[in-house]
Structures are given as structure tokens and as C-alpha cells.
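Only the coordinates and a few stated rules stand behind these numbers; no lab work does. Just so it is clear, the structure is predicted and the values come from calculations on it, not from any experiment. As a convention, Cβ positions derive from the backbone with ideal geometry for all residues, glycine included, and neighbour counts pool all protein chains shown.
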Amino acid sequence: MSIADPETEIPPPLGTTSKAGDAVFRGLATASASVILLALAGVAAFLLAQGLPALDGTGAQAYGFDNIWVYVGPLLFGTLLAATIALVFAAPLSLGVALVISHYAPRRVAKGLGWAIDLLAAIPSVIYGLWGIEFLAKQLVPVYMWLEAHLSFIPLFAGPVPTSGRTMMTAGLVLAVMALPIITAICREIFAQTPVMHQEAALALGATRWEMIRLAVFPYGRSGIVSAVLLGLGRALGETMAVALVLSPSIVVSFNLISAEGGDSSSTIAANIALNFGNASGSKIDTLIFTGLVLFVITFAVNFLGRWIAARGVKKG
Amino acid sequence: MAKSIDVSDLDIYYGDFLAVQGVTMSIKARAVTALIGPSGCGKSTFLRSLNRMHEVIPGARAEGKVMVDGQDLYDADVDPVAVRREIGMVFQRPNPFPTMSIYENVLAGKRLNATRLKKSDADDLVEKSLRGANLWSEVKDRLGKPGMGLSGGQQQRLCIARAIAVEPQVLLMDEPCSALDPISTAAIEDLIHELKSDYTIVIVTHNMQQAARVSDDTGFFNLKATGEPGHLVEFNPTKKMFTNPDNEATESYISGRFG
Ligand SMILES: Nc1ncnc2c1ncn2[C@@H]1O[C@H](COP(=O)(O)OP(=O)(O)OP(=O)(O)O)[C@@H](O)[C@H]1O
Ligand SMILES: [Mg+2]
């Protein structure tokens, strides 16, 4: 009998409800914003507190290196290298697939495809990583062989190619595969929201579909595309296990993309942490956390760089 | 360079829905043709069928004949992209490209033709088009600024400049003044008068005085009944339409609007 009779219930005065609603909403928004910032600050504080003591570590603490930078440097290099490879492959491919869905495929096909991509994006990226290692790596060996045979004068393809196919290139490609669905899903959404008004403006000037996309869709979605790529990449970089499984830890700066595990190939910070954390103790843990701090800072820097590029692009136009 | 358009027995569908039925009219070259009629009677739909912009909408199609200077617009080997370069369009809401400067907006269509423009030629074209759209004196000192920074009326004239920069044969305008104040409207009406000497112009308007002021011929569209397709009720020289129309419905629509 708790259902109120609408006839007898006195409607609350208009002003007060909306004020109360405003207050509640403002409170919620402020609270969630603070929680996010606090969490971020907490992570940063933890990394700083635990990692900084390792700064002047030498010898055993720095895994036998003269100082910590000699240890972190190559890992940082490897991280950026893997990320670059991933970007080079994932970004154009995702944009292409997103465009096919939003602007090229017939409506019914596009609907199905879009649905499939959303589904794929929801699968944890480590699944794609495992697929990459178990399947992709082996399939890539002949490609690497060919590269080594014909292009080995380029340092990137110097070889020798390992039979497992587990190389920096494979790691980058696995990252690309992991980043692909999420970048595609976000870009599709952005492209689909391009105002009809601007698309028609381009078409009415005699633009082909591709010209219309360049004139109206890309400029409109530019900052969104950058965000999507960064998000996809960040998510892929966060999934350490995939790269950890592909690459064995080695502290080497090497542009050789198709060579063997260890020795000749760089590794990444994330993979290094994952592989070494289990049997690290004492000050070595600090060192690993310090590498985590470096990754944290780099991720931030890359994000800001991306946003800066996006913002600048809009202004220049 | 202006062209005439002959439409015969044109039906336009959105999927299964017949929006416009049996339109036949002759649009004269170097003249202004106004299209009037109540909301939803298919004026925009008809206008878009004249440069195949209706094909952009999924499911939309036209049946019938549209001849542009003797060339069949819907012929299988006519490229709609080429058609739209010849027959430009200005929309109800000003739609300059938001990320482009005024200068780049004017050149947007020209740049599509892929030929590289020399800087001096580009400058000339921008000035000529903006002068043609009566906008030059207002923006000549800020060509590098975003097109979106202009007032609504200026944006609409920028869109007209952009449309005439590709030197089309025909200019279609869908209620180009409906979002503008009387002063901007007057500026655009003056502009239409000037453009008439070079272009064939078709303009949709809800403003009877505007139709009377700017056009040579007027077509009145109406719905036979609600739910029925729109059709062309009467097409005559504007003078006749506004003084002594053939059709009673035309008379009541026009006089009703005048109050
Ligand atoms: N994209 C579309 N899909 C389906 N039906 C449409 C579409 N656009 C218009 N219609 C229908 O076609 C008919 C004619 O519409 P149109 O926009 O041509 O009218 P109009 O005369 O331009 O009206 P207004 O004066 O309000 O602009 C209407 O019944 C409308 O609902
Ligand atoms: Mg309309």
C-alpha cells in the first residue's frame, strides 16, 4: 500500500526539486572527479615513494648495471619501439575499418559489423595477445625470413630470425592486434557522429566520398581519433603479459626488429616487470617499481603530446 | 555558362514513401526560379533531385526525366559527383567547414579538382568569389580566421562564395535566408539579383515577398491531402503568380500568407 495516490500527493514546488537534484548531482560529480584524481595521485605517490630510493642504486640493486639509467634506458627504448610498431600498424588499419563501417558498407552490413567490433573490443586484449603468440608469431616466420633475405641491409631487418618468431616485431604486432578493436570501435562512433550538415556541404561541392571524408569527417573527428589511438595503445601497453610472453627480458638497445629473444632484441618495461617481479626481492623491487614510474611518466607525456597535437591541428586547420 | 533545366514527370521516393509526384517544369537559364509551398510538400526534396543530392540519403530515388541543357541528368553514365560540380547548392543552415579558415573555405571546392593552385591564382579566386558574394570588404582583413567566427549572415554568404568559387552552371538555394536577419536577407537578395546574370538560380523560400522580389518564375507546391505526395500545383511567371494566378489554391496560399 505504499503506492502514493497521484491525486492526493502534493507535487513538490518546482524550484526546490531541481535545486535538490542539482545539489545531489554536483555532489556526485565532484566526488567522482575527486576519487579519480585521488586514485591517480595515490598511484603516483606510491611509485615515487617506492621507486625513487632506487635512483642511486648500483650493482646488484640495478641488476648488475653501473647505475639505474643504464638499466631503465634500454627498457624505455624497447617500450617506445614496441608502441611505435603497434601504432604504425594499428592506427591506419583501425581508421580504415571504422570508415568502412561508418561510411562505405551498406547500412545492414555496417550494423552487423559495428556490433561485431563492439563485441571484439570488449574482449580482454590479453586474449588477442595469446592468439598472437600462439598463432601469429609462427605465421610470421616466413615473412621475417624474406625480410632478412632481401632487406637485411636495413638495420631493422638484420636478423637472424628465431624459429619461434618471437621478436620485437611480433611483440609490436601483437600490441597492434590488441589495440585494434578498441580504436576501431571508438573511431566508428566518432565518424558516425559527423554532422550531416558538413558532409552535405562537401558532397554538394562535388566531393567524392573519400574527399568528403577528408573534408568533413576527419577534421571533425581529429581530436577524437587521437584519443582513440592513445586509449587503445595505453590499454595494449598495460597488458603486460602478452609482450612478456613474446620477449625475454634483455637490457639491450636494438633496432633489430626481427631477431632472436635475448641478446639482440630490446624488451619493454612492462614485460620486464612481469618477468622479474616474481623472483625479485628487497631493493630490486624498488628498481622494478622505478621502471614502473618511468612508464607512468611516459604514458602521461604521450597523452599530453597527443592532446597537444590534436588541439593544435584544430586551430591550424 | 548558365544552363536551363527541363523536368518532366518526376517522382521522388524515400524508400516506399512517394514524397513528390509528377513534377513537370522548365527552369530558364540566367533567371531566378522560386519554389514556394507549405512545409512538407517536397520543395527541398525536389530541389535536391536537381543535383542528385537526394542520392546521399539512403533509400531515396527519383523516377522521371531531368534534362540539363539537353543532357539527361539521371543517365547511367552521368557521374553524380560531376553533376554537383556543375550544379552547386546552398543550404538552409550556413555550413562552412568548422576547422577551416575563411580563405580555405572558399577554396574547398576548387581544391577538390586536384589541380594544384598557384598562390596568386588562389588569392585571386578567393577575392573574386568573396566579392561575388558581397563579403569581401567585411572579411578581407581576416581571411585566415575560422569561417565559424563570422555572423550567421556572413557565414551564409561565405557558403555562397564557396559555391560560386567552383563556377557552377546552376545554383540551388534551399531557404538561404531563413536563419538570417532582415539586413543579411536584403544583402543576399541583392546578391541573387547580381548572380542572375551569370547563373541559373533556383531558390526555395517561405517568404512570399522574397519570392516576389527576387524571382522571374515561381512554382507553387502543395500536398493533395495530408499523407498524399506533394505535387506542383502551378508554375508561372512570378508577376502572374502574385497578381492573377491560374489556380485557386495558389491564390489562397499567397494571399493567406499576406494576411
Ligand atoms: N530523409 C528523409 N527520409 C524520409 N522522408 C523524408 C526525408 N526527408 C524528407 N522526407 C519526407 O518527404 C516529404 C517532403 O519533405 P521536404 O523536406 O522535401 O519538404 P519541404 O517542402 O522542403 O518542407 P519545409 O518547407 O518544411 O522545408 C515530407 O513528407 C518528409 O517527411
Ligand atoms: Mg525544406
*Among B:Q169, B:G37, B:L223, whose Cα sits farthest toward the positive end of the charge dipole of chain B (+1 at Cβ of Lys/Arg, -1 at Cβ of Asp/Glu, about the Cα centre)?*
B:Q169
_Extreme residue, positive dipole direction of region A:27-316, given options A:G206, A:A29, A:G112 (C-beta unit charges)_ = A:G206
*Go through region B:37-46 residue by residue and turn each phi into a ³J(HN,Hα) via Karplus (6.51, -1.76, 1.60, θ = phi - 60°); whole Hz please, and just put x for glycine and proline.*
x, x, 4, x, 8, x, 5, 5, 4, 5
*When the helix-only estimate is applied to chain B (DSSP H runs of n ≥ 4, each -39,500 (n - 2.57), divided by the residue count), what is the mean residue ellipticity at 222 nm, nearest 500 deg cm²/dmol?*
-10500 deg cm²/dmol
*Where a Cα-Cα gap under 20 Å defines reach, which aspartates and glutamates qualify for A:K284, not counting those fewer than 8 residues away within the same chain?*
A:D56, A:D66
*For a footprinting-style exposure proxy, rank B:S255, A:S281, B:S184 by other Cβ within 10 Å, fewest first.*
A:S281, B:S255, B:S184
*Shielding of A:76-85 by partners, i.e. mean partner chain Cβ atoms within 10 Å per residue?*
0
_For the protein assembly as shown, size of Cβ-based charge dipole, Lys and Arg +1, Asp and Glu -1, in debye_ = 1080 debye
*Global form of the protein assembly as shown, assessed from the alpha-carbon gyration tensor, a/c cut-off 1.5*: prolate
*asked:* List the lysines whose Cα sits under 17 Å from the Cα of B:K119, skipping any in the same chain fewer than 8 residues away.
replied: B:K110, B:K128, B:K140
*asked:* For a Förster distance of 25 Å, can you work out the FRET efficiency between the beta-carbons of A:Q193 and B:S39, rounded to the nearest 0.05?
replied: 0.40
*asked:* At a threshold of 8 angstrom on Cα-Cα distance, excluding pairs fewer than six apart, so keeping six or more, what relative contact order does chain B reach in percent?
replied: 27 percent
_Suppose every Lys and Arg Cβ carries +1 and every Asp and Glu Cβ carries -1, with no other charges. What dipole size does region B:5-255 come out with about its Cα centre, to the nearest 20 debye?_
940 debye
*Under unit Cβ charges (Lys, Arg +1; Asp, Glu -1), what dipole magnitude, rounded to 20 debye, does region B:1-84 have relative to its Cα centre?*
460 debye
*According to the square roots a ≥ b ≥ c of the eigenvalues of the Cα gyration tensor, what is the shape class of region A:113-223, taking rounded for a/c under 1.5, prolate for a/b larger than b/c otherwise, and oblate for the remainder?*
oblate
*asked:* Skipping prolines and chain starts, which residues have an amide H placed within reach, meaning under 5 Å, of the one on B:A60, given they are 5 or more residues away or on another chain?
replied: B:G15
*Could you list A:M212, B:M67, B:M173 in order of exposure, starting from the residue whose Cβ has the fewest other Cβ atoms within 10 Å?*
B:M67, A:M212, B:M173
*Provide B:L195, B:L130 in ascending order of the number of other Cβ atoms located within 10 Å of each residue's Cβ, fewest first.*
B:L195, B:L130
*Residues with beta-carbon under 13 Å from that of B:I57, excluding B:I57: net charge, scoring Lys, Arg +1 and Asp, Glu -1?*
+2
*Which of A:L295, A:T163, A:L130 sits closest to the plus end of the dipole of the protein assembly as shown, meaning its Cα is farthest towards the positive end, when Lys and Arg get +1 and Asp and Glu get -1 on the C-beta?*
A:L295
